[in-house]
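See structure below.
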Amino acid sequence: MIPELRRRAYLGAMQVASWLPRTVLPFAAPSRPELLEPPQVDAAADTPVEPVAAPAVARDTAPAPPVERPKIEVPRPGAQPRQVAAVVEEPAPVEEKPARVAAPPPRFALQLLRAGDCALLVELPTGQPFQSRDPAYILLKDLLRAAGLPDSPQLLGEPVRWPLLVRGNLDQGPEAALEFVQSFVAARLEEQPSTCLWLVGLPAIRFAGEGDEHSYNRELQIDGLGACWALPGLELLMEEPARKRELWQAMQRVRQRWLA
C-alpha cells in the first residue's frame, strides 16, 4: 500500500481530484457517491473546494472510463438551414382595360331643303351653299322635275357643318354627329311636316338615316324622321352616270308617296 501522503502527491501532480477502481477491491470500503460530483466553488474565495479524499485503495486500480457526452451537430459550411417554406400569396394581377381612344370627328356639310311635300337633306359637295350654276345643283333640279316636284327647292335653315367647333373638349365623334343631325332635322320637320325625306349623299344617309352605301335607292323608316329615301350623292351620280338608271327605277316605286 502506498502511504497516504505519497498517494495524494501523485494524484495532485496528475491533477486528479478523485478516482475509482475498475473492480471492487477486496476488503476496501465502498466508494462514496459525493466523490463523483463536480467540485463546489466558494463564492467568496472563488476557489474550488477540495472534496474529501476517498479511502485508501489498491495500487493497481485505474480511473473510471470517461462519461460520453451528447454530440452537438455543427452545421457544415455552405449547408442551408432547414426552414419551413412560408406560402406567400401573390395578389391577382389586375387586368388593365385599354384606354378608350376617341374617334376623330367626321367632316361633312349638309343642307336641308323643301320641294313640294318632300324635304331633302342634301350633301354639299364643296361644303358651301348651292349656286344656281353649280353642276350639282343643276342635277338636283333635274331629279326634282323627274320626280314631279318643284325644281326650285326652299332653304330650311343654314347648312349643317360638322364638326361644330374647331377647338375644345366637346365630343364631336360620329355618335354626337348622328344625334345632332337627327335632332336638327326632326325639329325642322315638326315645323313643316313632309310625306317623305330624301337623304342625298352618304353623310346624309349615315348621320340622319343610320345607313351606309348599301342603303342607296332604298326606303328607310327612321324614328322621329318617318319615311326616308336614300339616294347616292350628286357628285357620285355625275362621276358614275350608270347609277342614274338604278335611281330612276327606284324613283318609280317611291314617287307615289308624294304624288298621291
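The values are calculated or read from the model by the stated rules, or taken from the named source; none is laboratory data. As the structure is a computational prediction, the values presented were derived from the model and not from experiment. Here the Cβ positions follow ideal geometry from the backbone for every residue, glycine too, while neighbour counts run over all protein chains shown. When the accessible area is computed, the model is the full protein with side chains, heavy atoms only, and any ligands, DNA or RNA have been set aside. Shrake-Rupley method; radii C 1.70, N 1.55, O 1.52, S 1.80 Å.
Side notes on the structure shown:
- ALA187 being over 42 Å from the mean Cα position of the chain (by Cα) and free of Cβ contacts under 8 Å to residues at least 24 places away in the same chain: yes
- Tallying residues that are closer than 20 Å to GLN192 by Cβ, out of contact with any helix residue (DSSP H, G or I) (no Cβ under 7 Å at 6 or more places or on another chain) and either surrounded by 15 or more Cβ atoms within 10 Å (Cβ to Cβ) or touching a residue at least 60 places away in the same chain (Cβ under 8 Å) (or both) within the range 223-253 yields 2.
- Flag for ALA260 being open to solvent by 80 Å² or more (accessible area, probe 1.4 Å) and among the small types (Gly, Ala, Ser): yes
- Residues of the range 161-181 satisfying the condition of being open to solvent by 40 Å² or more (accessible area, probe 1.4 Å) and closer than 17 Å to LEU112 by Cα: ARG161, LEU164, LEU178, GLU179, PHE180
- Filter result (closer than 23 Å to TRP248 by Cβ and either hydrophobic (A, V, I, L, M, F, W, C) or in contact (Cβ under 8 Å) with a residue 40 or more places away in the chain (or both)) within the range 209-222: LEU220
Results for (1) acidic (Asp, Glu); (2) within 14 Å of LEU110 (Cα to Cα), shown as yes or no for each residue.
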| position | (1), (2) |
| --- | --- |
| PRO203 | no, yes |
| HIS214 | no, no |
| LEU234 | no, yes |
| MET238 | no, no |
| GLU246 | yes, no |
| GLN249 | no, no |
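- Among the conditions (1) open to solvent by 100 Å² or more (accessible area, probe 1.4 Å); (2) at pLDDT 70 or above, GLN80 misses just one, which is (2).
- If you go through the range 199-236 and keep only what is under 19 Å from ALA177 (Cβ atoms) and in contact with a Cys (Cβ under 6 Å, 6 or more places away or on another chain), you end up with LEU199, GLY209, LEU220, ILE222.
- Residues of the range 126-135 include none that is touching a residue at least 40 places away in the same chain (Cβ under 8 Å), in contact with a helix residue (DSSP H, G or I) (Cβ under 6 Å, 6 or more places away or on another chain) and open to solvent by 10 Å² or more (accessible area, probe 1.4 Å).
- Residue match in the range 140-148 (condition: surrounded by 15 or more Cβ atoms within 10 Å (Cβ to Cβ), of a type in the set (A, V, I, L, M, F, W, C), within 54 Å of the chain's Cα centre (by Cα) and in a loop (DSSP other than H, G, I, E, B)): no
- Of the residues making up the range 130-139, those that are in a loop (DSSP other than H, G, I, E, B) and within 54 Å of the chain's Cα centre (by Cα) are PHE130, GLN131, ASP134.
- Reported count of residues in the range 150-187, each being under 25 Å from ARG218 (Cα atoms), not in a loop (DSSP other than H, G, I, E, B) and not aliphatic (A, V, I, L, M), is 8.
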